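Below is one structure. I have some questions about it.
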Amino acid sequence: AAMTKPILRDYQRTAASEVLAHLDGGRCTLLVAPTGSGKTIMFADVAATYAASGLRVLIVAHRRELLTQAHDKLSRAGVGASIYRGKRAPFAPSNVVVASVQTGAPPGFDANLLVIDEAHHAPADGYRRLVVQQPNAVVLGATATPWWQSSRPLDDLFPATVRASNVRDLTAAGHLARVRMFTHPHTLRDLDLRGVATAAGDYAVGAVSGRVDKPALLGDMV
């Protein structure tokens, strides 16, 4: 059965339009949208606009399921994309390519648009290499969490930011389920975080693990 092209929600359509305006102006752009808001649908719509003009698009992610998800959403948007897995699998040349950051672009592929999914990883060396290898591409990053556990900032890569809705509004509109929160009944005697080291404005993972990795806390949460 033929897949029907997705009808974008109002906030998705607005965000995609704002992203395109920045990209058309040559500004690399970060699309920030909550988990469950349809980030892939939004950047697939942007990619479809580029593809309709005969331009080349490279979409990269770091996990296989994200590659498949992007490919599926592109197909629904009417874009015939190819997944590039290097020499391990056959590859049908296409103007729109989905690839892992480890594999990178097919040899000779010169993108006009480079899309980075889970773009909070973009400051990492592998992604920066890809950006350098695609000098003619404007970059679109998509993430729900626009920060990286490092001192490297995101705004040097993405001078423009587009925010697509928020959890409160998406929940009120019925697009997201209401949150049910579970916690433990313990007091600060059981969970004392005084003096725990911090890094980049948050608790250092290793330091806080030593305080919370206790059967009394984890067992009750489970």
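Are any residues in the stretch 5-58 surrounded by 20 or more Cβ atoms within 10 Å (Cβ to Cβ), over 21 Å from Asn95 (Cβ atoms) and in contact with a Gly (Cβ under 8 Å, 6 or more places away or on another chain), and if so, which ones?
The answer is Gln12, Leu30, Leu31.
Return yes or no: is Asp169 of a type outside the set (A, V, I, L, M, F, W, C), at pLDDT 85 or above and part of a helix (DSSP H, G or I)?
Yes.
Still on this structure, I have one more. Among the residues that make up the stretch 50-62, is at least one of them modelled with pLDDT of 90 or more, within 21 Å of Val32 (Cβ to Cβ) and either out of contact with any strand residue (DSSP E or B) (no Cβ under 6 Å at 6 or more places or on another chain) or among the aromatic types (Phe, Trp, Tyr) (or both)?
Yes, the stretch 50-62 has at least one match.
Considering only residues of the stretch 193-214 that are of a type outside the set (Gly, Ala, Ser) and open to solvent by less than 50 Å² (accessible area, probe 1.4 Å), which is modelled with the highest pLDDT?
For the stretch 193-214, the residue satisfying everything is Val196.
On to the next question. Can you tell me which residues in the stretch 138-168 are open to solvent by 60 Å² or more (accessible area, probe 1.4 Å) and either farther than 29 Å from Tyr203 by Cβ or of a type in the set (Phe, Trp, Tyr) (or both)?
Correct list: Trp147, Trp148, Pro159.
What are the pairs with Cβ atoms under 7 angstrom where one residue, in the stretch 196-212, is among the small types (Gly, Ala, Ser) and the other, located anywhere, is assigned to a helix (DSSP H, G or I) and open to solvent by less than 60 Å² (accessible area, probe 1.4 Å)? Sequence gap at least six, or different chains.
Once the first residue is among the small types (Gly, Ala, Ser) and sits in the stretch 196-212, its partners that are assigned to a helix (DSSP H, G or I) and open to solvent by less than 60 Å² (accessible area, probe 1.4 Å) give Ala197/Ala207.
Tell me the residue from Ala111, Ala89 that is open to solvent by less than 60 Å² (accessible area, probe 1.4 Å), more than 30 Å from Thr14 (Cα to Cα) and without any contact (Cβ under 8 Å) to a residue 60 or more places away in the chain, please.
Just one listed residue meets the conditions, Ala89.
Give the stretch 115-137 a look and list any residue that's among the aliphatic types (A, V, I, L, M) and surrounded by fewer than 19 Cβ atoms within 10 Å (Cβ to Cβ), or say none.
Ala124, Val131, Val132 - these are the residues of the stretch 115-137 that are among the aliphatic types (A, V, I, L, M) and surrounded by fewer than 19 Cβ atoms within 10 Å (Cβ to Cβ).
The values are calculated or read from the model by the stated rules, or taken from the named source; none is laboratory data. Because the structure is a prediction, the values reported are computed rather than measured. So basically every Cβ, Gly included, is an ideal-geometry build from the backbone, and we count neighbours across all protein chains shown. In case anyone asks, the SASA skips ligands and DNA or RNA and just uses the protein heavy atoms, side chains included. Shrake-Rupley method; radii C 1.70, N 1.55, O 1.52, S 1.80 Å.
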